[in-house]
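Data block below; observations after.
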Amino acid sequence: MRRMFLISAVALTVLAIAVSGNAQQISGDYIETRSADIYTGPCVANGEVGLVGDQAILGWHVKQGSWGGVSLDGLGVVGVVKAGATLGDIYSDPYPARAVMIVDEKASTEQRRALISFAKEMAGELFADVVAVEVAPITMQISHERGHYSRASIHAGSLAGIETRSIGEKDHLCGNEVTFYPPLAKMDHAMPAVAELDQFKGKALGVSWTLNGKRSAFVGTFSR
């Protein structure tokens, strides 16, 4: 009986090691913005739906971890999207969407492939049609005040940039604002924020934009 117990224990240990070795272990910070308010009331949301909200920027900075066995410590990736309708609107289909991926210039060829694979897993169908892959320096900065995000930013060279600040009392326009749309990517924790800058200057999507002062951002963390 004791011998059988020891064999079972060894087998379980081997299985646990195998599962642990195959699991993805990655974590970091995330910023997102789109061309429609995500922290808003029905009055504003109903005025924007179908007109805006079909453009988005999603950015990740990996603090530590690997993807597909490739270490991505300290690297970033940004995805820029032009969809067919307002993202998050349950009454319309934004797909197919076209996307541009911007990978960190510090990454090796193998790491760039892993960054794109990671972003596709986190955002799903949003990145199903990648029309171009760009390489740029990617920097993310996040500051906290009293345990909350106060300011956050991500820049992918001169191609794309997001700069946010926390939502304040003056950002309550109609008094019944809520987080109207969920984040576009998988996250552990997300807070709505004001996008002081939401900018894309690339050409591959056939559209570029610079938006300021919209309540259109999320700042948060991820882990897998």
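Readers should treat all values here as calculations from the given coordinates under stated rules, not as data from a laboratory. None of the values given here were measured: they were computed from a predicted structure. Glycine gets a Cβ as well: all are built from the backbone with ideal geometry, and neighbour counts include every protein chain shown.
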On C-alpha positions alone, give me the angle between the axis of helix 2-22 and the longest principal axis of the chain, in degrees, nearest 10. 30 degrees
Rounded to the nearest 20 debye, dipole of the chain from Cβ charges on Lys, Arg, Asp, Glu: 700 debye
Could you give the length gained on full extension between Thr179 and Val135, defined as 0.36 nm per residue of separation minus the Cα-Cα distance, in nm? 12.6 nm
Using the Karplus curve 6.51 cos²θ - 1.76 cosθ + 1.60 with θ = phi - 60°, what ³J(HN,Hα) values do you get for each residue of region 175-185, in whole Hz, with x for Gly and Pro? x, 10, 5, 9, 6, 6, 10, x, x, 7, 10
First measure r as the distance between the Cβ atoms of Glu169 and Lys63, then evaluate 1/(1 + (r/R0)^6) with R0 = 35 Å and state the FRET efficiency to the nearest 0.05. 0.65
Using amide H atoms built 1.01 Å from N in the peptide plane, name the residues 5+ places from Ser223, or on other chains, whose amide H lies under 5 Å from its own. Asp188
log10 of Debye I(q)/I(0), alpha-carbon scatterers only, for the chain at 0.09, 0.13, 0.15, 0.17 Å⁻¹: -0.40, -0.73, -0.93, -1.17
In 5 Å bins starting at 0, how do the alpha-carbon pair distances of region 129-171 split up by percent? 6, 18, 20, 18, 14, 11, 8, 5, 1
Contact order normalised by residue count of the chain, Cα under 8 Å, 6+ apart, percent: 23 percent
With respect to the cross-link table entries Lys106/Lys186; Lys82/Lys186; Lys106/Lys170; Lys120/Lys201, which display a Cα-Cα separation exceeding 29 Å? Lys106/Lys170
Please give the net charge around Asp188, taking every other residue with its beta carbon less than 13 angstrom from that of Asp188, where Lys and Arg add +1 and Asp and Glu add -1. +2
Using DSSP to define loop residues, name the chymotrypsin sites (Phe, Trp or Tyr not before Pro) in region 62-151 whose beta-carbon has at most 14 other beta-carbon atoms within 10 Å. Tyr91
Could you work out Rg/(2.2 N^0.38 Å) for region 154-224, with Rg from alpha carbons only? 1.23
